[in-house]
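Only one structure is covered here, and it is reproduced in the block below.
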Amino acid sequence: MAGYKLLMSNEAEEFVSDESVDSKGRPSVRAKTGGWRACSLIIGYELVEKLALSGVLANLMVYLTTKLHEGTVSSSNNVSNWIGTLSLTPLHGAYIADTYLGCFWTFAGFSCIYILGVGILTLTVSLGSLKPP
């Protein structure tokens, strides 16, 4: 009986203790989960995201006034709304992650939305047919 309990405790230590599952719904194995590989992916993503955000934020007012021909009041209002939205979206993302999708799918989904938005912004600058007259 003691051998059985020892086997069960070693088997239980193999899996993570917070009931996390992998992408196929199986319990996550402690030795293959997280670590520096996952950390480097998250840090790399955050670095690229902050660089893109800094590039867009530094030039957004100039872009709105010169390329989209908005007035300065309208442009500053749009920039303020954009920054406010950026500040609130992590709260919505955390709620969606905790309630519905989980961390990975929420992170992947919002990353795709972010990449799509930066791509559309790049296209509006690059293609003359997308610029207003």
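Would you point out which residue out of Ser75, Ser87, Ser126 is surrounded by 14 or more Cβ atoms within 10 Å (Cβ to Cβ) and of a type outside the set (Asp, Glu)? Write out each step before concluding.
On the way: Ser87 fails: surrounded by 14 or more Cβ atoms within 10 Å (Cβ to Cβ); Ser126 fails: surrounded by 14 or more Cβ atoms within 10 Å (Cβ to Cβ).
Within the list Ser75, Ser87, Ser126, the selection yields Ser75.
Condition first: over 25 Å from Gly44 (Cβ atoms) and either of a type in the set (A, V, I, L, M) or in contact (Cβ under 8 Å) with a residue 40 or more places away in the chain (or both). Can you find one or more residues in region 101-113 that meet it?
At the first step, the residues of region 101-113 found to be over 25 Å from Gly44 (Cβ atoms) are none.
Checking region 101-113: not a single residue is over 25 Å from Gly44 (Cβ atoms) and either of a type in the set (A, V, I, L, M) or in contact (Cβ under 8 Å) with a residue 40 or more places away in the chain (or both).
What are the pairs, 6+ residues apart or on separate chains, where a residue within region 56-76 that is farther than 15 Å from Thr122 by Cβ has its Cβ under 6 Å from a residue that is among the aliphatic types (A, V, I, L, M)?
Here the result reads Met61/Val79; Glu70/Leu64; Ser75/Met61; Ser75/Leu64, each pair linking region 56-76 to a residue that is among the aliphatic types (A, V, I, L, M).
Quick one: is Tyr100 part of a helix (DSSP H, G or I), surrounded by 11 or more Cβ atoms within 10 Å (Cβ to Cβ), modelled with pLDDT of 85 or more and out of contact with any helix residue (DSSP H, G or I) (no Cβ under 6 Å at 6 or more places or on another chain)?
Judged against the criteria, Tyr100 is not a match.
Among the residues of region 103-116, are any over 30 Å from Gly25 (Cβ atoms), assigned to a helix (DSSP H, G or I) and hydroxyl-bearing (Ser, Thr, Tyr)?
Initially, region 103-116 is screened for residues over 30 Å from Gly25 (Cβ atoms), giving none.
The answer is no, given that none of the residues of region 103-116 is over 30 Å from Gly25 (Cβ atoms), assigned to a helix (DSSP H, G or I) and hydroxyl-bearing (Ser, Thr, Tyr).
Being modelled with pLDDT of 75 or more and among the β-branched types (Val, Ile, Thr) narrows it down to one of Val62, Val16, so name that one.
Numbers: Val16 fails: modelled with pLDDT of 75 or more.
Residue meeting the stated conditions: Val62.
Tell me which residues, restricted to region 65-84, are part of a loop (DSSP other than H, G, I, E, B) and modelled with pLDDT under 90.
First, pick out the residues of region 65-84 that are part of a loop (DSSP other than H, G, I, E, B): 68-71.
Within region 65-84, Leu68, His69, Glu70 qualify.
Are any residues in region 42-70 of a type in the set (Phe, Trp, Tyr) and more than 17 Å from Leu130 (Cβ to Cβ), and if so, which ones?
In the first step, residues of region 42-70 are kept if they are of a type in the set (Phe, Trp, Tyr); the result is 45, 63.
Selection gives Tyr45 alone.
The values are calculated or read from the model by the stated rules, or taken from the named source; none is laboratory data. Owing to the predicted nature of the structure, the values given are computational and were not obtained by experimental measurement. Cβ sites come from the backbone with ideal geometry, for glycine too, and all protein chains shown count toward neighbours.
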